[in-house]
1. Just to confirm a number: summing +1 for Lys and Arg and -1 for Asp and Glu over residues other than Arg19 whose beta-carbon lies under 13 angstrom from that of Arg19, what do you get?
2. Cα to Cα, under 16 Å, and not fewer than 8 places away if on the same chain: which lysines meet these conditions relative to Lys142?
3. Just how large is the dipole of the chain about the Cα centre, in debye to the nearest 20, putting +1 at every Lys and Arg Cβ and -1 at every Asp and Glu Cβ?
4. Against the longest alpha carbon principal axis of the chain, how many degrees, from 0 to 90 and to the nearest 10, is the axis of helix 58-68 turned?
5. With a sphere of radius 15 Å drawn around the Cβ of Glu141, what net charge do the other residues whose Cβ falls strictly inside it have (Lys, Arg +1; Asp, Glu -1)?
6. Give the angle, between 0 and 90 degrees and rounded to the nearest 10, that separates the Cα long axis of helix 23-33 from the longest principal axis of the Cα atoms of the chain.
7. Identify, among Gly11, Leu138, Gly31, the residue whose Cα sits farthest towards the positive end of the charge dipole of segment 5-141, taking +1 on the Cβ of Lys and Arg and -1 on the Cβ of Asp and Glu, with the dipole about the Cα centre.
8. For the chain, report the translational diffusion coefficient in µm²/s to the nearest whole number, using Stokes-Einstein at 37 °C, 0.692 mPa s, and a Kirkwood Rh over Cα pairs.
Amino acid sequence: MKKYYEEFEPGQTRSTTGRTITETDIILHAGQTGDFFPHHMDEEWCKTQPFKRRIAHGTLIFCIAIGQTAGEINEVSMTYGYDRLRFIRPVFIGDTLRTEVTIKSKNEHKRPEYGLVVEQVHTYNQHLELVMACEHLLLVEKTR
C-alpha cells in the first residue's frame, strides 16, 4: 500500500479489533524487558496495594496498542517517534483492548520530500474507558 502525505486528512479515523490481555502476555513481557516489579508479578503483594491485583506493564500496553494499528504496511511512511504517552488507567489480566487512531495534524518537515503526520492514538478497555493515549509521528513521502 502507498498512502502519500497529501492523502492524509485531519479527522480521518480507523479502529482495531479487540485483544485480550493474558497472564502469558505479562510473563513474556517481564522476561523480555527485565521488569519483574511486584506490581506485575506478585499477586499476594498486589492485594495490599490500591488496585488489589496485578497490573499489566505500561510498555506492554503501548506495544500491543501500536501493534493493533499495524494492519497494513505503508511503503512510503515510517515511524518518526511518539509524543505525549500517558497510561491513564490500569490494565488487568482479562481486559480487552481496542485502539482508535485519528489523524490530528499534518506539518511540513525539514526534508522537503517528506511531511509529518501526527496520529492521535487512544486505547480503550472493554468498558470503553480510556487506558492509554499517545501521539504517533509519521514521516510520510510526498508525491513527486
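Just so you know, all these numbers are worked out from the coordinates, no wet-lab data involved. Note that the coordinates shown come from a computational prediction; the quantities given were computed from them, not determined experimentally. Don't worry about glycine lacking a Cβ; one is built from the backbone with ideal geometry, like all the others, and counts go over all protein chains shown.
1. Value of the local net charge: -1.
2. Within reach: Lys2, Lys3, Lys106, Lys110.
3. Numbers: 18 positive and 20 negative charges, 46 e Å.
Magnitude of the dipole: close to 220 debye.
4. 50
5. On the way: positive: Lys2, Lys3, Lys106, Lys110, Arg111, Lys142, Arg144; negative: Glu6, Glu7, Glu75, Glu108, Glu113.
Neighbour charge sum, excluding Glu141 itself: +2.
6. So the inclination is approximately 70 degrees.
7. The Cα lying farthest towards the positive end belongs to Gly31.
8. Details: Rh = 16.5 Å.
For these conditions, the coefficient is 199 µm²/s.
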